[in-house]
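Everything below concerns the one structure shown next.
The values are calculated or read from the model by the stated rules, or taken from the named source; none is laboratory data. The model shown is predicted, which means the values in this text are computed figures rather than measured ones. Neighbour counts are summed over all protein chains in view; Cβ atoms, including those assigned to glycine, are modelled from backbone coordinates with ideal geometry.
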Amino acid sequence: MRGEMAVPGWARRTAERVAETHGGGPHVVVTGISPSGNIHNLREVLVAEAVANALKERGSEVRFVFHADTIDPLRKIAPGIPKEYERYMGHSLSHIPDPEGCHASYADHFLVPFEESLREMEMDIEVLRSHELYENGVYTEVTRESLENTAELRRILKEVSGREMAEDWSPYQPRAASGSLTGNRVVENLPDENGVVFVDREGNEGVADYSKGEGKLGWRVELAARWKALGVTFEPFGKDHTSRGGSTDTADRMSREVFHYPVPGRYEYEWNYIKGQGAMSSSKGIVLLPKDLLRIMPPDALRRMFLGRDPARAIELDLGGGFPRFMDEYRAEAGEPPVPFLHLVTVAQTAGGNTEAAAGMLSRGGYEEEANDPEKLALDLHYARNWAEEWAPEPLRLRVLDEEESTDAAAGLDDEQRAYLAEVAGKLEPDMEGESVQDMLYTTAVERGLKPKKAFGALYTVLLGKKSGPKAGPFVAGLPEDIVRERLSV
Ligand SMILES: [Zn+2]
């Protein structure tokens, strides 16, 4: 899948600007998130991926990194996490046990499923865990530099963010014996030993070795330090970071004035909203997980959905009634067979898991091309069926009634309707095409002096337990003939 999607214009223009300021490469494109809850921010990763692809298209070598902030302290308990996790507040996410016991840590519990989705999307990305980077010494030099320039970093933070800064502020957060990264006070730097002396909340003194991951840089400083430590040339940001006095403002100045490192290229993206729910937010539990979305659409459709036409604009994701139209547009652009997604939804629900039966329905409906590629068809039916089960508005959900349910449903029909169904059952022939069935259903109603709405209503009642449904001819033609005949004999 990857690479088939053309590089969008905005990504190409961004790559051009990155190349102007940072040269021909190799480039390091980075994106990252704190795995403190369900990870949903696919937009940031996809913006980064598009720019990485645009840089590659220009002939540059690109390292594409997902920086998982696993060493970050726990600040907020995610929805669904037991209350006793309060005691881990301030501890590194990588050092907290998995609340459900299925992964190595709290961080991995949220990170691993996201990583699996990135792999399923065939993304050419390296996932780095920040606690390992600290433990392996990747941050040692920038931490030393930060500690040496404590006064200057403090001044920049104060000037840019307008916050009052404590006299004894340190860019470094050592980990106390309790496990907490917060509330500890650095009292002395030991540059020759890669360490700091600190006093914890209880007044106990300790030493932390910053070349071994025994603490981390505060996150505003870490942002700029990370650019230098990893050689970053491009990073996208959501608008919360780029507001005045925000984290990119402080990082830009720290990068230039303290780390003497050129500020990476940037792209500011807008939020994703979910129709009827609001902006996506893991702390509010308003999330769509990539793994759930990959159940209803292929990776490139997901890319299109999350990027929209221009990621600098907000998008509202509609997985309910608006989704079939989105899929039709995506499929048309991708040059896929022109079967309307809603038709696939009807076919998928009618044929169950039987791809051969579905192919029969599609070719009788005039969609030979889709019917002739069983592998692709099986996948499309899988997406359509999952959507029908998990997201479709009620009127689009179909299930052919079993014999007993059908008999119960038929109890509400009058004699005229029963007679109509009986006549139709007698006229059905094997391998009739959708349009011929449609004609026969209609003509029979007219000949009997029965209003079509009443006639078709009877048909939907005994087949689906509803008063209406998908276009009757192709629908009936797609069902096994014996089942239709039996349901119609009431
Ligand atoms: Zn787990």
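Can you go through E135, E57 and tell me which one is within 30 Å of M297 (Cα to Cα) and away from the ligand (no atom under 13 Å from the Cβ)? So that I can check it myself, show each step before the final result.
Details: E135 fails: within 30 Å of M297 (Cα to Cα).
Answer to the selection: E57.
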* Would you check if S161 is at pLDDT below 95, more than 16 Å from the ligand (Cβ to nearest atom) and not assigned by TED's automatic domain parsing to the domain that holds H40? => yes
* To do: Mind checking which helices (runs of 4 or more DSSP H) fall wholly inside the stretch 437-490 and carry at least 1 residues that are within 37 Å of the chain's Cα centre (by Cα) and among the aliphatic types (A, V, I, L, M)?
  => 452-464, 472-478
* Could you say whether any residue in the stretch 79-91 is in a helix (DSSP H, G or I), crowded, with 19+ Cβ neighbours inside 10 Å and touching a residue at least 40 places away in the same chain (Cβ under 8 Å)? -> yes
* To do: Of the numbered conditions (1) hydroxyl-bearing (S, T, Y); (2) outside any strand (DSSP E or B); (3) under 18 Å from V127 (Cα atoms), T14 fails exactly one; give the number of that condition.
  => (3)
* Is there a residue in the stretch 74-88 that is in contact with a Phe, Trp or Tyr (Cβ under 6 Å, 6 or more places away or on another chain) and within 27 Å of L217 (Cα to Cα)? -> yes
* **Enumeration of residues in the stretch 222-280 that are free of Cβ contacts under 8 Å to residues at least 60 places away in the same chain and of a type in the set (S, T, N, Q)** => T242, S243, S247, T248, S255, Q277
* Structure fact -> Restricting attention to the stretch 137-196, the residues that are in a strand (DSSP E or B) and either of a type in the set (A, V, I, L, M, F, W, C) or closer than 16 Å to A251 by Cβ (or both) number exactly 4
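Tally up the residues in the stretch 100-150 that are basic (K, R), in the same structural domain as R226 (by TED's automatic domain parsing) and closer than 15 Å to R226 by Cα, please.
Within the stretch 100-150, the first condition is being basic (K, R), and the residues that meet it are 119, 129, 144.
Those still in the list that are in the same structural domain as R226 (by TED's automatic domain parsing) too: 119, 129.
From the residues that got through so far, the ones that are closer than 15 Å to R226 by Cα too are 129.
The number of residues fulfilling the criteria is 1.
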* Within the stretch 110-130, work out how many residues are within 12 Å of the ligand (Cβ to nearest atom) and free of Cβ contacts under 8 Å to residues at least 60 places away in the same chain. => 1
* Would you check which residues across the stretch 340-369 are farther than 30 Å from I274 by Cβ, buried (at least 18 other Cβ atoms within 10 Å of the Cβ) and of a type outside the set (S, T, Y) and list them? => A351, A358, A359, G360, M361, L362, R364, G365
